[in-house]
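The values are calculated or read from the model by the stated rules, or taken from the named source; none is laboratory data. These figures come from a predicted structure and were not determined experimentally. As a convention, Cβ positions derive from the backbone with ideal geometry for all residues, glycine included, and neighbour counts pool all protein chains shown. All accessible areas refer to the heavy atoms of the entire protein, side chains included, with ligands and DNA or RNA removed. Shrake-Rupley method; radii C 1.70, N 1.55, O 1.52, S 1.80 Å.
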Amino acid sequence: MKKLLILLSLFMISTLFFSCKTITEIPMEKTSSQIIQMGQNAVTSADYQSAEFCYKTALERFSTNPQVLVEAKYELGNVYLKQKKYALAYTEFSQLLELYDSAPTAYPSAYKKLAQIGISKIPHNKIQN
């Protein structure tokens, strides 16, 4: 029984080790939804470097799509917030709110509220205007 537990533990550790591979390339045929999902999966695994890469890739490839633009910018801001990179999070959330100020009906409304919530989570002394 003890050997079985040791083998099971080693298997789980090796699986975790190999499943945390940082994403460095995303095939061109991936859709925006697939790329954003890859980023969300990376966040779930606390692989923020891969998540950032995914969201930036989505922005590079699909920023003309309003839904992708606001979702990827919000998710990128959220990644920075989780890492306590407050200046970067503030920049992403602020840029997102500026999009809504310039064309309020052009973008899905939920991300405006989410960006406001994101900004409210940043400690005031960490915001540099």
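The table for this structure:
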{"quantity": "Inter-residue pairs, beta-carbon under 7 Å, first free of Cβ contacts under 8 Å to residues at least 60 places away in the same chain and in the range 107-120, second crowded, with 18+ Cβ neighbours inside 10 Å and small (Gly, Ala, Ser), 6+ apart", "calculated": "115/77; 118/77; 118/89"}
{"quantity": "Residue in the range 59-94 that is nearest to the chain's Cα centre (by Cα), counting only those that are outside any helix (DSSP H, G or I) and among the polar types (S, T, N, Q)", "calculated": "83"}
{"quantity": "Answer residue from the range 20-39, given it is at pLDDT 95 or above and β-branched (Val, Ile, Thr) and is most open to solvent (accessible area, probe 1.4 Å) among those", "calculated": "31"}
{"quantity": "The listed residue being in contact with a Cys (Cβ under 8 Å, 6 or more places away or on another chain), open to solvent by less than 30 Å² (accessible area, probe 1.4 Å) and at pLDDT 95 or above, out of 58, 72, 42", "calculated": "42"}
